[in-house]
1. Show the residue pairs meeting these rules: Cβ distance below 9 Å; 6+ apart or different chains; first residue within segment 78-102 and on the phi > 0 side of the Ramachandran plot and without any contact (Cβ under 8 Å) to a residue 12 or more places away in the chain; second residue surrounded by fewer than 20 Cβ atoms within 10 Å (Cβ to Cβ) and part of a loop (DSSP other than H, G, I, E, B).
2. Which one of 123, 24, 30 is under 19 Å from residue 4 (Cβ atoms) and without any contact (Cβ under 8 Å) to a residue 24 or more places away in the chain?
3. I want to confirm something. Restricting to segment 1-17 and keeping residues that are in a loop (DSSP other than H, G, I, E, B) and in contact (Cβ under 8 Å) with a residue 60 or more places away in the chain, which single residue is surrounded by the most Cβ atoms within 10 Å (Cβ to Cβ)?
4. Here are the criteria: (1) in a loop (DSSP other than H, G, I, E, B); (2) in contact (Cβ under 8 Å) with a residue 60 or more places away in the chain. Tell me which single one residue 54 does not satisfy.
5. Sort out which residues of segment 72-91 are surrounded by 21 or more Cβ atoms within 10 Å (Cβ to Cβ) and over 20 Å from residue 6 (Cα atoms), and write them in order of number.
6. Got a number for residues in segment 18-68 being farther than 25 Å from residue 86 by Cα, crowded, with 17+ Cβ neighbours inside 10 Å and in contact with a helix residue (DSSP H, G or I) (Cβ under 9 Å, 6 or more places away or on another chain)?
7. How about segment 66-82: which of its residues are part of a loop (DSSP other than H, G, I, E, B) and under 14 Å from residue 97 (Cα atoms)?
8. For segment 79-116, which positions are in contact with a helix residue (DSSP H, G or I) (Cβ under 6 Å, 6 or more places away or on another chain) and farther than 14 Å from residue 59 by Cα?
């Protein structure tokens, strides 16, 4: 069963759903999470206290609004547009990620998040 979460950053409160994958369940168990944002193109990522391997269905190209887990950096990722690795309009992480969910609104609001901004992820009802 998907888990409803809320992503908070300066000026942003966005609901999202974690899917029912093993990685998403581990992230849900670790909530609440709070970290300083790193930005890379139109991606926000930050290290979380979850260690999971790359899943069989890991993706090298994701969709706008996807949430990912990047095993290489043990990081939670929010994708809202092209990254420096993208070709054209695709959204390409630095390397494959486990897609763990999606935001429930316009992911473009995350463009206002800057390096060092505090991002918090909490369970939502």
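1. Close Cβ pairs satisfying both conditions: 88/82.
2. Values: 123 fails: without any contact (Cβ under 8 Å) to a residue 24 or more places away in the chain; 24 fails: without any contact (Cβ under 8 Å) to a residue 24 or more places away in the chain.
Criteria check complete, one pass: 30.
3. The initial filter retains those residues of segment 1-17 that are in a loop (DSSP other than H, G, I, E, B), namely 1-2, 10-11.
This time we only want the ones that are in contact (Cβ under 8 Å) with a residue 60 or more places away in the chain, so: 2, 10-11.
On the way: 2: 13, 10: 11, 11: 9.
For segment 1-17, the residue satisfying everything is 2.
4. Here residue 54 meets the rest and fails (2).
5. Within segment 72-91, 91 is the sole residue that qualifies.
6. Residues meeting the conditions: 2.
7. Of segment 66-82, the ones part of a loop (DSSP other than H, G, I, E, B) are 74, 80-82.
Answer for segment 66-82, where residues must be part of a loop (DSSP other than H, G, I, E, B) and under 14 Å from residue 97 (Cα atoms): just 74.
8. 80
Just so you know, all these numbers are worked out from the coordinates, no wet-lab data involved. None of the values given here were measured: they were computed from a predicted structure. FYI the Cβ positions are ideal-geometry reconstructions off the backbone, even for glycines, and counts take in every protein chain you see.
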